[in-house]
Amino acid sequence: MATVSAAPAENKNLVYRDYLIPFILVTSLFFLWGFAHGCLDVLNKHFQELLNMSKAKSAFVQFVFYGGYFLMALPAGFLMQKFGYKRGILFGLLLFAVGAFLMLPATITQTFGSFLFCLFVIACGLTCLETAANPYTTVLGPPEFGERRINFSQSFNGLGWIAGPLVGGMLIFSGNGDTNKFASIALPYMLIGALVLIVAFFIWRVKLPEIKEDANSSHSEADVAESKLKDLLKHPHFVFAVIAQFLYVAAQTGVNSFFINYVTEELPSLTNAQAAQILGFGGMGLFWLGRFTGSTIFMRIMRPNRLLALYAFMNVLMMGLVVAGLGWISVVALFSTYFFMSLMFPTIFALGIKGMGPLTKKASSFLVMSIVGGAILPMFMGWIADNSSMAIGFLMPLACFVYIVFFGIKGYKVKKAA
């Protein structure tokens, strides 16, 4: 795993004392992109009603957003490699802000394509942030606490996921039927755009330690400069991690995208705004709780891979109840999945880059690129829902969680490259 150059003397604190301020600033990035992701789920349902489109077509919101991750991941990795993490983070924040502020003119043009373009720009910015922040958190303290550290930072991502549906639902669904029925969409993005610029200012002013990959690796620096995909493929645990991350993001995005649809269909007495509140307080609240308790409590007593496998198995059971369509029981099972999904992304990420040495930045890029799973499979899930029922559509995330059980039990194991 990568380490910070000139790291302080070894200690047993979660974060090296000299890197506490950088750790706090980097952790704030997790909240920002959590908020952006949380707003997507509200937009999905909102566009279905405003434009009278099918579930499969509304999933283009996720397709474009996560497609941006796929297209930007390798350029983001190159950017970090050439200019360093700080400049990469600042570039990502500026792209994020530009995409957010473009939502205002998009409400004037009032076309689905203009909103998709804004989301694509935001996604490109978030790709830079995730490519930098995820591996960064794993190296700002003792290596043995890397998984705990990234889960702790990701717990603030969970707070963003809570704020997104709550603030987004309150503002976006507040449209009062004026001539511009899209106007309310811009409000949450103006708020987050301003906050992004404030964070960018602080990161610009603070000195961030640069990451220097661990030289204790079978790859020389010369090898890294000319490394190709085949170098990464020599690490089976990394390959399994990319697949696991692809399927996890597909499952999470599918659950998020159609949460409001499922709840309002299973419980017709609930409105879209009430379903968004259940998503924010119930689902995302449990998501945050899962990440916080996972990093501060459960990973102290259980190895990260075993906890990952246990949580994935629990979600297989929860998805079974969702598919069964049992009213409130299924709705409770649906938002319970958020607790067990909570630590999957950061844990898969940390296990995937473990032992990658100088290949860490490139491996991080591919793990971020695997987020494209959120662009592809939810559209298939929407197609299933359109042609059968929303409950049957949740067979897709169920199958994804089955694979993650395998990764947590066996696929995570680091083997020496051939």
Fill in the blank from the handout: Among residues of the stretch 127-148 being modelled with pLDDT under 80 and among the charged types (D, E, K, R), the residue farthest from the chain's Cα centre (by Cα) is E144
Handout entry: Test: I260 is of a type in the set (A, V, I, L, M), under 20 Å from V61 (Cα atoms) and in contact (Cβ under 8 Å) with a residue 40 or more places away in the chain
Key = yes
Fill in the blank from the handout: Subset of the stretch 125-162, residues small (G, A, S) and under 12 Å from G88 (Cβ atoms), comes to G125, A132, A133
Handout entry: the stretch 277-316 - residue that is in contact (Cβ under 8 Å) with a residue 60 or more places away in the chain, within 16 Å of V332 (Cα to Cα) and more than 19 Å from the chain's Cα centre (by Cα) and, of those, surrounded by the fewest Cβ atoms within 10 Å (Cβ to Cβ)
Key = Q277
Exercise for the section: Please tell me if S370 is surrounded by fewer than 20 Cβ atoms within 10 Å (Cβ to Cβ) and of a type in the set (S, T, N, Q). Expected result: no
Handout entry: Residue satisfying all of: in the stretch 265-276; surrounded by fewer than 18 Cβ atoms within 10 Å (Cβ to Cβ) and of a type outside the set (S, T, N, Q); modelled with the lowest pLDDT among these
Key = A273
Problem - Positions within the stretch 42-62 being closer than 24 Å to Y248 by Cβ and surrounded by 20 or more Cβ atoms within 10 Å (Cβ to Cβ), in sequence order - result: V42, L43, N44, K45, K55, S58, A59, F60, V61, Q62
Handout entry: Lone qualifier among I122, I108 - being under 19 Å from M190 (Cα atoms) and modelled with pLDDT under 90
Key = I108
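The values are calculated or read from the model by the stated rules, or taken from the named source; none is laboratory data. This structure is a prediction, so every number in the text was calculated from the model and none was measured. Counting neighbours? That spans all protein chains shown, and the Cβs are built from the backbone with ideal geometry, glycine included.
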